[in-house]
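None of the figures in this text is laboratory data; all of them are computed from the coordinates on show. This is a predicted model, so every value here is computed, not measured. Glycine also receives a Cβ, built like all others from the backbone with ideal geometry; neighbour counts cover every protein chain displayed.
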Amino acid sequence: MSTACTHLDHVHLDHLPESVAGCEDCLREGTPWLHLRLCLECGHVGCCDDSPMRHATAHGRATEHPIIRSIEPGEDWSWCFVDQVGLRIGRLAGETRIPRSPLGG
Ligand SMILES: [Zn+2]
Ligand SMILES: [Zn+2]
Ligand SMILES: [Zn+2]
C-alpha cells in the first residue's frame, strides 16, 4: 500500500506534536473544523475535506507539500495529494492530543 507514493522524502517530521489547539487556519479565521490533518513536511495543522474550509487540502495546494496524516484519535493513515494514494508511515513517533471538534466530531 505504501509503494505507490514517491514523495517520502517530503516527510520532514520524525515525530507527532504532543498536542495541538485545532486547525491553525480555522483558529485564525474563526471557522469550525471537523477532523484534523497534519502536514508531514512542515507541521501545519489543517482541517479535513468534510470541514467547511478544507484547510489541509488548501495548504497542500498552496505549498505543494504532498503528504498529510490524520491526527484523529486511533487513526494512523496518511494521504498523498499528488499520487492520490493512502499510505502508512511507521517511523513517526508519538501521539497527538487534540481538542474536540467545534462541530462535535
Ligand atoms: Zn506521493
Ligand atoms: Zn480549518
Ligand atoms: Zn506543509
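Structure notes:
- Selection from 32, 74, 12, by position along the positive dipole direction of the range 8-88 (Cβ): 32
- The convex hull around the C-alpha trace of the chain, projected and averaged over every direction, spans 6.1 square nanometres.
- Across the range 8-88, Cα pairs under 8 Å and at least six residues apart give a relative contact order of 23 percent.
- The phi-based Karplus calculation (6.51 cos²θ - 1.76 cosθ + 1.60; θ = phi - 60°) puts the 3J(HN,Hα) values of the range 40-52 at 7, 8, 10, x, 4, 9, x, 9, 6, 6, 8, 7, x Hz, whole numbers, x for Gly and Pro.
- Net charge dipole size for the chain [Lys, Arg +1 and Asp, Glu -1 on Cβ; Debye, nearest 20]: 120 debye
- Sorted on the mean count of surrounding Cβ atoms within 10 Å across their residues, most packed first, peptides 11-22, 40-51, 65-76 read 40-51, 65-76, 11-22.
- Helical contribution to [θ] at 222 nm, DSSP H n ≥ 4, -39,500 (n - 2.57), averaged over the chain, rounded to 500: -3500 deg cm²/dmol
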